[in-house]
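The values are calculated or read from the model by the stated rules, or taken from the named source; none is laboratory data. Predicted, not measured: the structure shown is a model, and the values here were computed from it. We place every Cβ from the backbone using ideal geometry, glycine too, and count neighbours over all the protein chains shown. For the accessible areas, the whole protein counts, side chains as well, though only heavy atoms, and no ligand, DNA or RNA atoms are used. Shrake-Rupley method; radii C 1.70, N 1.55, O 1.52, S 1.80 Å.
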Amino acid sequence: VDDINLNCINSIKGKEIRFLVYDNERYIAYHIEGFDGSHWTSISRMPASSDRYYVLALPESRQFSEIRIMGLPVNGEAIVLGTCAWTEEFNAWTLMPNPFQDECRISYNGINGLQK
């Protein structure tokens, strides 16, 4: 059973990490790390809260290909809860009809991330 639902997405604001922790009471904090192609780098440490849903915007200056979330339990060592990576394959906008006069339909194919 997974403890986490983790998504790496491209938003209007830039790259974001969004995660929902199902068994939040087990952890005192979450440590977020990014992989830049050669090594893992610490991005942030977030305390566990009563809200189980977390959002973290990544700094534009940092380019990570993969993200992992570590759960820091009350007793014991850090546990990797999940990893995700960005994919560029499904990043597309559609405008129909094109050209249009009075009305148009805009669609975006959605989340641009992949949970591993």
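Of VAL55, VAL21, which residue is in contact with a Phe, Trp or Tyr (Cβ under 9 Å, 6 or more places away or on another chain) and either on the phi > 0 side of the Ramachandran plot or open to solvent by 30 Å² or more (accessible area, probe 1.4 Å) (or both)?
VAL55
Report the residue count in the range 63-93 for those that are under 22 Å from ASN7 (Cβ atoms) and modelled with pLDDT of 60 or more.
As a first pass, look at the range 63-93 and keep what is under 22 Å from ASN7 (Cβ atoms): 63-72, 78-93.
Add one more test, that the residue is modelled with pLDDT of 60 or more, and what stays is 63-72, 78-87.
Looking only at that region, the number is 20.
So which pairs qualify, if the first residue must be in the range 3-24 and free of Cβ contacts under 8 Å to residues at least 24 places away in the same chain, the second must be assigned to a helix (DSSP H, G or I) and buried (at least 17 other Cβ atoms within 10 Å of the Cβ), the Cβ gap must be under 7 Å, and the two must be at least 6 apart or on different chains?
Once the first residue is free of Cβ contacts under 8 Å to residues at least 24 places away in the same chain and sits in the range 3-24, no partner that is assigned to a helix (DSSP H, G or I) and buried (at least 17 other Cβ atoms within 10 Å of the Cβ) comes close enough.
Out of the residues in the range 2-18 that are in contact with an Asp or Glu (Cβ under 8 Å, 6 or more places away or on another chain) and closer than 16 Å to VAL80 by Cβ, state the one that is surrounded by the most Cβ atoms within 10 Å (Cβ to Cβ).
For the range 2-18, the residue satisfying everything is CYS8.
Report whether or not ILE32 is surrounded by 13 or more Cβ atoms within 10 Å (Cβ to Cβ) and either at pLDDT below 90 or touching a Gly at 6+ places or on another chain (Cβ under 8 Å) (or both). Give the derivation first.
Details: surrounded by 13 or more Cβ atoms within 10 Å (Cβ to Cβ): yes; either at pLDDT below 90 or touching a Gly at 6+ places or on another chain (Cβ under 8 Å) (or both): no.
Against the criterion (surrounded by 13 or more Cβ atoms within 10 Å (Cβ to Cβ) and either at pLDDT below 90 or touching a Gly at 6+ places or on another chain (Cβ under 8 Å) (or both)), ILE32 does not qualify.
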